[in-house]
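One structure below.
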Amino acid sequence: MTVIRSFPGRIRFAAQDAAAVQLLQQQAEVALDQVKADVAVEYNPRTKRGLLIFEKDAKLTDLLVDVIESMTQTLSVSSSQQALATADGSSLPAVSDAGQEGEIENPVWIISKKVLNHYMARMFMPPTIRPYWTMFNVAPLIWEGLKSLRQRKLDVNVLDAAAVGAALAMRDFNTAGTINLLLDISETLEEWTKEKSRSDIAALFSGDSKPVWVMRDDEPVAISPDQLVVGDLVVVRSGARIPVDGVVAEGTALVNQSSMTGEPLAVEKSVESEVYSGTVVEEGRIIVYAQSVGSDTRFAKIAKILQESDDRKADIHSQAVKMADKIVPFSFILSGVVYAITRNATQAAAVLLADYSCAIKLATPLAVRSAMLEAAHNGAVIKGGKYLEHLSQLDAIVLDKTGTLTEARPELVNVCPMNGYTREFVLRQAACMEEHFPHPVADAIVRKADEEGLIHAEDHAEVEYILAHGIATMLDGQRTILGSKHFVHEDEGIPFAGAEDLIAECSGAGLSLLYFACGGELAGVLAIKDPVRDDADQFIRKLENMDVERIIMLTGDGEETAAAVASDLNIEEYYAQALPDEKTALINNLKEQGYTVAMVGDGINDSAALTTANVGVSMKHGADIAREACDVMLTGERLDSLTDAMEVSKRVMRRIKRNFMFIVASNTLFIGLGVTGVITPALMALLHNSGTVLTCVHSMRPMLPEHSE
């Protein structure tokens, strides 16, 4: 809900639905009841415009404006929750079909009606009434300017009011009315472009309100999406959208995951395959076991990130807004200079009609928002405009090895018992400890125990996680630990003497080792195979081609494992056995050297480094804390999603600079033509607003190469 115009006794506002208007009326009545005043509310659901009518008093006007503005934040939060999911798990609303509620009305139709009404009124209204009708229509505009002046602001509202006021002072009512019409059209287009951008984000991750089918007593039953619960078996047929995150319990289907991962082709999903809410079954039929519903689904969280991204505006966005406000006084100065030289009020007024600030303020955030939308569509969710800007400046990138450059599904390939312990004991107890921690290596150990049928009952005390070192617990009164060599041997003082040959036998080139100790002695070694991702080498080469000067691999594994992976990927700079504080120190050191640094990681031990870097990037399978701490989240399996996002960021920064040059050049030309009398003020206003619209349209064009400029 936003205030369009306000003046004593009347406030015109925009609201998305009648429910919001009803809430406004209630709050307005409560506010005015204290001063014994009444208020009437009119609302047109088709145009989504409303009017508050009350006693003509400036204090009441300010009071009601405050009421509307205080509601804006509440309603934006409420609409975000509705768009994502209500607390009881309802799903995202669909982008409505034509003619249904929620449709964004065609701006051509809106503008056509405004123009038709304006010229019909001018044609059929008696000449004696037209001046008063014009003054009535422009009064809100002038009032907004006066209000800004009263608040000691010299902004666009003052500039617009001065332009219209100058036309009225010259008794050029046709020009004043035309300027008001063009400003109204510009405002309509601004609202439409912003709403279109928001709806595009919703459309990318939209669910629908159609009934979903779930199994009840072995029979499919249609229920409302908000009735879905974890554990439901959801039936999804060809052409239907999957409404939950879960795993396929029955059937096979081709699923289009482009909205989630950026993959252009449908992917075959069969029993035990993961599927995501918001993706679409192109062919086949599957039954999905629901693991997350409503606001807990992955795409709902992504949509929330995008909708909240305005809170993290890019520096270039903030600079554009500040610059736009700073330009306004110069427009008045230039107008005064023109009048002093020419003594022609029309030429002086022309300067006020082609301000630079309107287009600058509108085009920059639209470009940023469109770029973020495109990056999300290609598998990289950027949590704010400032991180998009940082992506365009990256010249150093730090990569965690496990789960980033290597597969997110490592395998336990060997278990070597020592000092009289059995292989079964080592694997069972290791799995029992690791099952408490969601990490790919922990999953590998637990999976291996399950495959061998080892039941790992809770025989130990509470498990303690020691960041970047390992885990510890008490088992039958003995301290039991599992972790890196640094943790087990150096920190805990577990002797390795006499076990060197067995350790060497268990290890191999490129294998990661975990050491298991019980009661102060080494009980076994677990060897983890973590194969390099198929696309990792191509990803590193792309980074090199994008002029990233420093590409650094970090890992908590030993030197031998780190060297093997670095050699496979031709990475010259790497650090083994890196602890969280060492990762953070490295990033701080790079920043002190003047680098703009990205950190890519997925583990709990990466969270501090993710926060420290200019841009923290987490993989979709990462630990919860890593996904929270990151600034960019890769939603698919493609590492290339990050390079795509970097390319988008570079292109949008270039586009913003080009927009600025176009805005300055075109409006300077219009001012020159107006000052010299070549064009009329009305035509100048038309050209200025047309240029603003063209800049906005250009800002919303896609960024990637297939749409390159």
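What follows draws every value from the coordinates through simple rules; no lab data is involved. Bear in mind the structure is a predicted one, so any value in this text is a computation, not a measurement. Every residue, glycine among them, receives a Cβ derived from its backbone with ideal geometry; neighbour counts consider all protein chains shown.
Using a simple spin-label model with points 7 Å from Cα along the Cα→Cβ vector, what separation in nm is obtained for VAL115 and GLN393?
4.3 nm
Search the structure for amide H atoms under 5 Å from the amide H of SER273, placed 1.01 Å from N in the peptide plane, and list their residues when 5 or more places away or on another chain.
VAL248
Gain in length, ARG701 to LEU146, computed as 0.36 nm per residue apart minus the alpha-carbon separation, to one decimal in nm?
Gain on extension, ARG701 to LEU146, equals 196.1 nm.
Please give the FRET efficiency for GLU29 paired with GLU411, using the beta carbon to beta carbon distance and R0 = 51 Å, rounded to the nearest 0.05. Before the final figure, lay out each step's value.
On the way: r = 67 Å, r/R0 = 1.31.
Between GLU29 and GLU411 the formula returns 0.15.
Indicate the gyration tensor shape class of the stretch 415-526 (rounded, prolate or oblate), computed on the Cα atoms with a ≥ b ≥ c the square roots of the eigenvalues: a/c under 1.5 is rounded; otherwise a/b larger than b/c is prolate and the rest oblate.
Working: a/c = 1.34, a/b = 1.17, b/c = 1.15.
Rounded shape, in that the Cα axes give a/c under 1.5.
Among 595-602, 690-697, how do they line up from the highest to the lowest mean number of other beta-carbon atoms within 10 Å?
Taking the mean over residues of other Cβ atoms within 10 Å, the ranking is 595-602, 690-697.
Can you tell me how much longer the chain between ASP17 and THR611 gets when fully stretched, taken as 0.36 nm per residue apart minus their C-alpha distance, in nm with one decimal?
Between ASP17 and THR611, full extension yields an extra 209.9 nm.
Cβ neighbours within 10 Å, averaged per peptide: list 414-425, 333-344 in order, most packed at the top.
414-425, 333-344
For ASP501 and PHE437, what does the FRET efficiency come to when R0 = 22 Å and r is the distance between their Cβ atoms, rounded to the nearest 0.05?
0.10
Considering amide H positions built from the backbone, and no H for Pro or chain starts, which residues 5 or more places from GLN257, or on another chain, come under 5 Å of its amide H?
Under 5 Å from the amide H of GLN257 lie the amide H atoms of VAL267, each far enough along the sequence or on another chain.
Would you order GLU637, GLU500 from fewest to most other beta-carbon atoms within 10 Å of each residue's own beta-carbon? Spell out each step's value before the answer.
Working: GLU637 20, GLU500 9.
Listing GLU637, GLU500 from fewest to most nearby Cβ atoms yields GLU500, GLU637.
Evaluate the distance, in nm, between pseudo-label points positioned 7 Å from the Cα of ALA40 and of GLU544 along their respective Cα→Cβ axes.
7.5 nm
To the nearest 0.05, how large is the calculated FRET efficiency for LEU51 and VAL221 if R₀ is 30 Å and r is the Cβ-Cβ distance?
Approximately 0.05, to the nearest 0.05.
State the extension gain, in nm to one decimal, for the chain segment bounded by GLU560 and THR128, taking 0.36 nm per residue of separation less the distance between their alpha-carbons.
Length difference between fully extended and current span is 146.3 nm.
Please sort 128-135, 278-285, 400-407 by packing, taking for each peptide the average over its residues of neighbouring beta carbons within 10 angstrom, highest first. Provide the component values of the computation, followed by the final result.
Values: 128-135: 14.1, 278-285: 18.6, 400-407: 24.9.
Highest-to-lowest ranking by the protection proxy: 400-407, 278-285, 128-135.
Please list, ordered by chain and number, the residues whose modelled amide H lies under 5 Å from the amide H of THR252; skip anything fewer than 5 residues away on the same chain.
ARG285
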